1. May I ask you to list pairs of residues, at least six apart or on different chains, whose Cβ atoms are under 8 Å apart, with the first in the stretch 83-107 being in contact (Cβ under 8 Å) with a residue 40 or more places away in the chain and open to solvent by less than 10 Å² (accessible area, probe 1.4 Å) and the second being in a helix (DSSP H, G or I) and of a type in the set (Val, Ile, Thr)?
2. Might you check whether a residue that is modelled with pLDDT under 90, closer than 29 Å to residue 193 by Cβ, polar (S, T, N, Q) and not in a helix (DSSP H, G or I) occurs anywhere in the stretch 343-350?
3. Residue 194 - would you say it is over 13 Å from the mean Cα position of the chain (by Cα), closer than 30 Å to residue 777 by Cα and of a type outside the set (A, V, I, L, M)?
4. Taking the condition outside any helix (DSSP H, G or I) and surrounded by 12 or more Cβ atoms within 10 Å (Cβ to Cβ), does residue 451 pass?
5. Sort out which residues of the stretch 227-237 are more than 14 Å from residue 314 (Cβ to Cβ) and in contact (Cβ under 8 Å) with a residue 24 or more places away in the chain, and write them in order of number.
6. Within the stretch 661-714, take every residue that is in contact with a Ser or Thr (Cβ under 8 Å, 6 or more places away or on another chain) and in contact (Cβ under 8 Å) with a residue 60 or more places away in the chain and give me the one that is surrounded by the fewest Cβ atoms within 10 Å (Cβ to Cβ).
7. Any idea which of 134, 166 is closer than 19 Å to residue 15 by Cα, touching a Phe, Trp or Tyr at 6+ places or on another chain (Cβ under 6 Å), of a type outside the set (Asp, Glu) and crowded, with 22+ Cβ neighbours inside 10 Å?
8. Say whether the condition of being within 30 Å of residue 327 (Cβ to Cβ) and among the aromatic types (Phe, Trp, Tyr) is met by at least one residue in the stretch 425-442.
Amino acid sequence: MKYNGEHLFYGELGHGFAVLSFVASLVATIAFFKASRNNLLAEQKSWIKLARTAFFIETICVFGIFLTLYYIISNHYHEYYYAWNHSSRSLEKKYLFASFWEGQEGSFMLWNIWHCVLGWILIWRAKKWEAPVLMVISFAQVCIATMLLGIYFFGAKVGSNPFALLRNELNAPVLFTNPDYLQFPKIYEGNDLNALLQNYWMVIHPPVLFLGFASTIVPFAYAIGGLVKNDHSWTKYAIPWAAFSGAVLATGIMMGAAWAYESLTFGGYWVWDPVENASLVPWIMMIAGLHTNLVYKSSGYSLKSTYIFYILSFTLVLYSTFLTRSGILGDTSVHAFTEQDMTTQLVCFILIFFIPAMVLYFYRSKKIPTIHKEENTYSREFWMFIGALVLCLSSIIITAKTSIPVYNKIFGTNVAEPEDPVFSYNQIQVFIAIIIGVLTAITQYFKYKNTSKNVFYKKILTPTIIALAISLCISFFGNINYDVKGAGFMVAIHIAMFAAVYGVVANFAYIWIGLKGKMKSAGASIAHIGFALALMGIIISSSRKAVLSENTTGIALLQKSKDYDPAENITLFKGIKTDMGKYDVTYTRDTFNTSNHKKYFELQFISKDGKDKFNVYPDVIKNNKGQEGNSANPDKKHYWNRDIFVYVSAMQNGTTDDTSKFRPVDMKAGDSVFYSNGVIILNSVVKNADSLNKKLLPGEVGIGMNMTVITKDGREYKAMPVVALKDNQLRNIPDTVIAQSLIIKFNKLADADGGKIELGIKEDQSIQDIITLKVYQFPFINVLWIGIIIMVTGFILSIIQRVRTMASIKSSKKRILVAEKIKA
């Protein structure tokens, strides 16, 4: 059958690029391998030339895949399953890139692109290490290319083709009997981008994170090259790359945390989600490797450890790929992919790198230079190695806890998650933080090889006293009284605070004492300051995080559950100012944005003293992709010392039909009547009082019923229904108690002699728009973000310093060679 409106050329072109990229990367791998093993210069150059040509073709193909798929998505060619499933015609254009990497195939392409970019930089800069390093990267490209093939090999599907046609993927045979199936509304519009990903952070966060993931292969490739060639000089070239990887991966991780903070409603930026952990662990291992690499460069110790850490860092990236793309975390993470079962292929991806790397390491281990003399405990290399071991231990613990779903799958067990998953991590990692914080403070005061005890204690004494004084002030006057998890954990938090302050103070002091204020050489100290500040921000913002939205109304839209506590979610009625402790909050209005399909709520906060007034605009978007309900996007009010974090936890539109009726009740002054949530008292009948004047029109006289509504939990509300009289015409003016969904009106005079009147009482849930609000306060959270920026800045300064040092050494060697030639 011929289908109308299909654009088949682009899919064939894209898939052709995918197949050719696989072939080209395979050729490049073989050629680089041959070049690395060939000692004849002429043959080596020939293999290098072939390898570069193949790598160039591979690069063209990788970018061709990307551009072709983006063209298909941006033009809404929904005959392709990937374009239909991850975008829609109504999706804002700024989110088209996010739809590109929502699926597995797009994220693999992103990984491929960064490998190509890094590969060309290495071809330019790596010199003698080009062949062995590019051999590893090209082989990784081969493996990633298989993820995009979508072909069957001996009955087994290899990869997933991003250019597969919708009619071949969607199980709807009746639909595709129509040659104009593309005009069906659901097909024409598209399946849309996941509501949670419609955020600007998801446009910029994945590329940065995947650059971090991709960059971990460079130190790994240098290590493999060193083992293959039995040459350990690679370590000096790997240091800037390890620092680069650490900087970019840290930036990507914290961008993800910022996305979670702005888009998710778990009230924070980190909850030890399995996918968060899967990105954090390779970074921790890379930092461990960077420090042991520096130790080896300066002292000759820790070379074996450097090999292990770099191998594990890249392997853990592959393991994180398995966790997020195998579907094994589908029920435990909001980040994981669950569409394609690529478990076997992903496991092979891990093993095909990890097993040969470890076999090669153990085969060469006896030839790896090792200093058998133990390090001096008053040496820098000793404490840097201890720090690296602690980081490694942290990685192992996080990986073990994150891998519970994997254990359950492999062994058929049913090990449950801890009741409080966040605390199960925090109770261990807080002690890791203490050790690392102290080590970042003291280690730079040691010299390599040996340090005089007197000199060390003399230099470290003043920063220690200052840090102790500051941390004690924070502990006593900073209101850090987080005793929810017991006194022991609270003590650990205070010690961790000292360690963080110690790290900041001691590294500042070292810049001025040890480095004489030379900021160009202070990259490591600046990175340590940033890390310590981030640790301070985490401790303060987490331990002093407070729920401000205490529900003073007693009304809840949802039942209590794991994710919703009515006592911590304040109910707001549209247009009604509501007491929320420190603030009075008013739900003033809401609007629906037709371009992004979000409903925005304008909320006005006014402090009780009147000095602080601001508006926030949280929003909700209807869930898609088979999920029910709405996704809430928080909004925040930023101050220099805190954030007010607000999101809508539930909502009820007051647009339903009013089916309830007024219930007639005879009452006289002093009588009471029950309603579903309490009692209504008629206090008195008021005639022509000043309190009525605002409700009366000119010339009218009125009678008001002064009433009190008392709820079951003792809250009181005033009501004053009125009847107005003018020229023998009656006008009824009901009164509404919005918080109780009550309408009270005057019906008629029931018994003039007995003083009884008939009132109408109606309970109606459709009176008003209602929302419930969750509000947190995060004190000093800006310290965290500032700390990350400073830490990354320190990494960048270190990279620049290393590159300049290497260039200076290279230049000096050239001058020496020229001088020797002149003498000869």
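The values are calculated or read from the model by the stated rules, or taken from the named source; none is laboratory data. Please read these numbers as outputs of a predicted model, since none were measured by experiment. For neighbour counting, all protein chains shown are included, and Cβ atoms are generated from backbone atoms with ideal geometry for every residue, glycine included. Just the protein is used for accessible areas: all its heavy atoms, side chains included, with ligands, DNA and RNA removed. Shrake-Rupley method; radii C 1.70, N 1.55, O 1.52, S 1.80 Å.
1. What qualifies is 83/72; 83/73; 86/73; 87/73; 98/203; 99/73.
2. no
3. Details: over 13 Å from the mean Cα position of the chain (by Cα): yes; closer than 30 Å to residue 777 by Cα: yes; of a type outside the set (A, V, I, L, M): yes.
Yes: the conditions hold for residue 194.
4. Details: outside any helix (DSSP H, G or I): yes; surrounded by 12 or more Cβ atoms within 10 Å (Cβ to Cβ): yes.
Answer is yes for this residue.
5. Start the filter on the stretch 227-237 by keeping residues that are more than 14 Å from residue 314 (Cβ to Cβ), which leaves 228-237.
If the condition is that a residue be more than 14 Å from residue 314 (Cβ to Cβ) and in contact (Cβ under 8 Å) with a residue 24 or more places away in the chain, then 228, 229, 230, 232, 234, 235, 236, 237 are the ones that fit.
6. 669
7. Working: 134 fails: closer than 19 Å to residue 15 by Cα.
That would be 166, the only listed residue that is closer than 19 Å to residue 15 by Cα, touching a Phe, Trp or Tyr at 6+ places or on another chain (Cβ under 6 Å), of a type outside the set (Asp, Glu) and crowded, with 22+ Cβ neighbours inside 10 Å.
8. The answer is yes, given that some residue of the stretch 425-442 is within 30 Å of residue 327 (Cβ to Cβ) and among the aromatic types (Phe, Trp, Tyr).
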